[in-house]
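K.L.:
For reference, the structure I am asking about is given below.
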Amino acid sequence: MSGLQAAVSAKRAGLSFCVIEARDRLGGKVWSIPLASGRGTADLGAAWINDELQPSTTAYVRKFKMDTVRQPIDKTPAIVQVSEDERLEFPFSVIPDFPPVKKRNLEMIRDHIKAESQKREAPKLKDDQVSLDTYVRKLDATEKTCKMVNLYVRAMHSLESTEELAAHLIHYWRRNHGLLAARADDHTGGNYLRLQGGNQDIARGIARLVGEQHIYSSHPVQSIHDEHAKVTICTSNDQTFVAKKVIVSVPTALFRDIKFTPPLPAALPERCSNTKLGHYNKAIVCHNKPWWRDIGYNWVLFSYDSPICIVRDTRIPEKNCYSLTCFVNSSVGAEWAKQDPHARRRAVLEQLAKGYNIDRSSELWRSIEFFDQIWKHEPYSQGALSPIPAIGHYVKYQSVHGKPVGNIHFVRTEYSDHWKGYMEGALTSGAQGAEEVVRALKAPESRL
Ligand SMILES: Cc1cc2nc3c(=O)[nH]c(=O)nc-3n(C[C@H](O)[C@H](O)[C@H](O)COP(=O)(O)OP(=O)(O)OC[C@H]3O[C@@H](n4cnc5c(N)ncnc54)[C@H](O)[C@@H]3O)c2cc1C
């Protein structure tokens, strides 16, 4: 998305340009697959948007006249699977009914993070030295609270809280309207609306604006040679492109697969290679009817230790499509991903059966379609959601990360100041990258 946005912005600025894409499809981590039943699509990557808080995404949704659907919310019970055999039901959008001491501790940590995540401050150096797990333990989080914090990290970034850098996640929330917006399913949060035709329609729409004649799909970039007066880009299918400027939108963790000459300044590969991309996986189960509603649940199910960390309802009633999207993330997701497709499907259905407390007669077992998507197995993503910097690598490298080097400019969702990690962030960064290039081309030295 960031690359397509950079291209459309460059076109508007009157530049000549082209898009070089490794995959045979456009959209990167935005990928919508049509259901065989013809009842809409399954979003294997990005699914949710917000038309009040995400202006760039919303502008495209309106421009391309896309139909949206609201995330269903009501007060029927949600479920937490505390352990393999223990489950608790609780009213949607409140803290589950844990024993009072544990509940107070959880509220104390939540309120602290909520307050921190709303500050308009730069990340602190001291928070760059600790994982989120250590950070909350220093605030006296109990084991139970640490498990909940771990669940947050699993659901958001598909890592464990021992691997997530405190400075990075706090800053991430600050860029994205705070902790609560990252979780909310109503108009105040990132999980508010979905697109009836699937999110990839946004990428397809932008590609039409770019002009498909300017897009080279199935052209993996292998090397970028910056000779000051020009840049030469070579792809693994032996194509060569020459330009004045290049905007790189590949995931930073994949920079190691591209040969940059002269080499990028040492700090950049140091920062980019010291990142972790989590196991962010989706399993989508489609049914003829919303059986979970029929038995009295709203859909929210989350689990501390089982493969699925969170389930979300992705129904599109307008298309008679009723699906549950299960996030099978982090270390448990990594184990799940090693199994064959049948075993993966079985693990998902069995956890849903336990979670919703249903037997073999349930509609659950009569799913009409099942998709699973393991982003780690995609060579041009190698994981998701965002690359998480190693301890001590976020604040330290902020002045170089995403900043231009010679004629090479960088765009990506993780460089964005607004909705970092989301499609909105990708669009924001793409537009900024193109502006940066336009400014650089106008600079006197560039016209020599
Ligand atoms: C499962 C999942 C759920 C998500 N849910 C949401 C959501 O609900 N809402 C939301 O807003 N966001 C969501 N996101 C995040 C969103 O998808 C991303 O933030 C956004 O799409 C990132 O765009 P990007 O351009 O920064 O990166 P990418 O999408 O990673 O694009 C990078 C592009 O570079 C290409 N590339 C890689 N290597 C090469 C190479 N060597 N040569 C040429 N091209 C190369 C890739 O093929 C790709 O097209 C989700 C992501 C995932 C994976």
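Here, each number is a calculation from the coordinates, and none is a lab measurement. Just so you know, these numbers come straight off a predicted model, no measurement behind them. Ideal geometry is used to build each Cβ from the backbone, glycine not excepted, and the neighbour counts take in all protein chains shown.
K.L.:
Using the basic label-point model (7 angstrom from Cα toward the beta carbon), what is the Lys230 to Lys124 distance in nanometres?
P.N.:
5.3
K.L.:
Using the alpha-carbon atoms, what tilt in degrees (0 to 90, nearest 10) does helix 200-210 show relative to the longest principal axis of the chain?
P.N.:
That works out to roughly 20 degrees.
K.L.:
Can you sort Arg345, Arg271, Arg104 from fewest to most other Cβ atoms within 10 Å of each residue's own Cβ?
P.N.:
Working: Arg345 17, Arg271 23, Arg104 14.
Ordered by Cβ neighbours within 10 Å, fewest first: Arg104, Arg345, Arg271.
K.L.:
Rounded to the nearest 10 degrees, what's the angle between the helix 100-117 long axis and the longest principal axis of the chain, both from Cα atoms, 0 to 90?
P.N.:
Compared with the principal axis, the helix lies near 20 degrees.
K.L.:
Can you tell which of Ser158, Ser399, Ser303 shows the greatest fluctuation in a Gaussian network model of the chain with Cα springs below 10 Å?
P.N.:
Ranking Ser158, Ser399, Ser303 by mean-square fluctuation puts Ser399 first.
K.L.:
Also, quick follow-up: Could you go through the range 161-169 in sequence order and give the Karplus-derived ³J(HN,Hα) for each residue, using 6.51 cos²θ - 1.76 cosθ + 1.60 with θ = phi - 60°, rounded to whole Hz, and x for Gly and Pro?
P.N.:
5, 6, 9, 8, 6, 4, 4, 5, 5
K.L.:
Given the -39500 (n - 2.57) contribution per DSSP H run of 4+ residues, what per-residue ellipticity at 222 nm results for the chain, rounded to the nearest 500 deg cm²/dmol?
P.N.:
Details: 13 runs with 140 residues, N = 448.
Estimated from H runs of four or more residues: -9500 deg cm²/dmol.
K.L.:
Tally Lys/Arg at +1 and Asp/Glu at -1 over every other residue whose Cβ is under 10 Å from the Cβ of Asp372; what's the total? Intermediate results must be reported in sequence, preceding the final value.
P.N.:
Details: positive: Lys282, Arg344, Arg345; negative: none.
Result for the neighbourhood of Asp372: +3.
K.L.:
Between the range 183-223 and the range 298-353, what is the C-alpha centre distance in whole Å?
P.N.:
24
K.L.:
Taking R0 as 22 Å, what's the FRET efficiency between Leu209 and Thr240 from their Cβ-Cβ distance, rounded to 0.05? Walk me through the intermediate numbers first.
P.N.:
Details: r = 26 Å, r/R0 = 1.19.
The computed FRET efficiency comes out at 0.25.
K.L.:
Let me ask something else about it. What is the gain in length, in nm to one decimal, between Asp257 and Val400 on full extension, counting 0.36 nm per residue of separation less the C-alpha to C-alpha distance? Before the final figure, lay out each step's value.
P.N.:
Numbers: separation 143, 0.36 × 143 = 51.48 nm, distance 1.96 nm.
That works out to 49.5 nm of additional length.
K.L.:
Charges on Cβ only, +1 for Lys and Arg, -1 for Asp and Glu, centred on the Cα centroid of the range 54-107; of Ser93, Pro55, Ile79, which one is farthest towards the dipole's positive end?
P.N.:
The one lying farthest along the dipole's positive direction is Pro55.
K.L.:
Right, another one. Non-local amide H neighbours of Thr41 (under 5 Å, H modeled in plane, Pro and chain starts lacking H): which ones?
P.N.:
Correct list: Leu35.
K.L.:
Give the distance, in whole Å, between the Cα centre of the range 381-420 and the Cα centre of the range 56-128.
P.N.:
25
K.L.:
Let me ask you something else. Report the FRET efficiency, 1/(1 + (r/R0)^6), for Ala443 and Asn357, where r is their Cβ-Cβ distance and R0 is 56 Å, rounded to 0.05. Before the final figure, lay out each step's value.
P.N.:
On the way: r = 65 Å, r/R0 = 1.16.
With R0 = 56 Å, the Cβ-Cβ based efficiency is 0.30.
K.L.:
Pull out a ≥ b ≥ c, the square roots of the eigenvalues of the alpha-carbon gyration tensor of the range 47-125, then state rounded if a/c is under 1.5, prolate if not and a/b is larger than b/c, and oblate in the remaining case. Write out the running numbers ahead of the final one.
P.N.:
Working: a/c = 3.22, a/b = 1.41, b/c = 2.29.
Verdict is oblate for the range 47-125.
K.L.:
Quick one: 3J(HN,Hα) in Hz for the range 94-99, Karplus 6.51/-1.76/1.60 with θ = phi - 60°, rounded, Gly and Pro as x.
P.N.:
So the Karplus estimates, Gly and Pro as x, are 10, 6, x, 7, 6, x Hz.
K.L.:
Quick one: if you stick a label point 7 Å off each Cα along the C-beta vector at Ala390 and Thr134, how many nm between them?
P.N.:
1.4
K.L.:
Sticking with this one: Mind checking the angle between helix 2-12 and the chain's longest principal axis? C-alpha axes, 0 to 90 degrees, to the nearest 10.
P.N.:
Helix 2-12 sits roughly 50 degrees off the main axis of the chain.
K.L.:
Can you flag which of Lys29/Lys276; Lys259/Lys420; Lys102/Lys338; Lys114/Lys144; Lys102/Lys124 are past 23 Å Cα-Cα?
P.N.:
Numbers: Lys29/Lys276 17 Å; Lys259/Lys420 27 Å; Lys102/Lys338 35 Å; Lys114/Lys144 18 Å; Lys102/Lys124 28 Å.
In this structure, Lys259/Lys420; Lys102/Lys338; Lys102/Lys124 exceed 23 Å between Cα atoms.
K.L.:
Related question: Taking 7 Å along the Cα-to-C-beta vector as the label spot, tell me the Glu84-Ile295 distance in nanometres, rounded to one decimal.
P.N.:
Going by the 7 Å Cα→Cβ label model, 2.1 nm.
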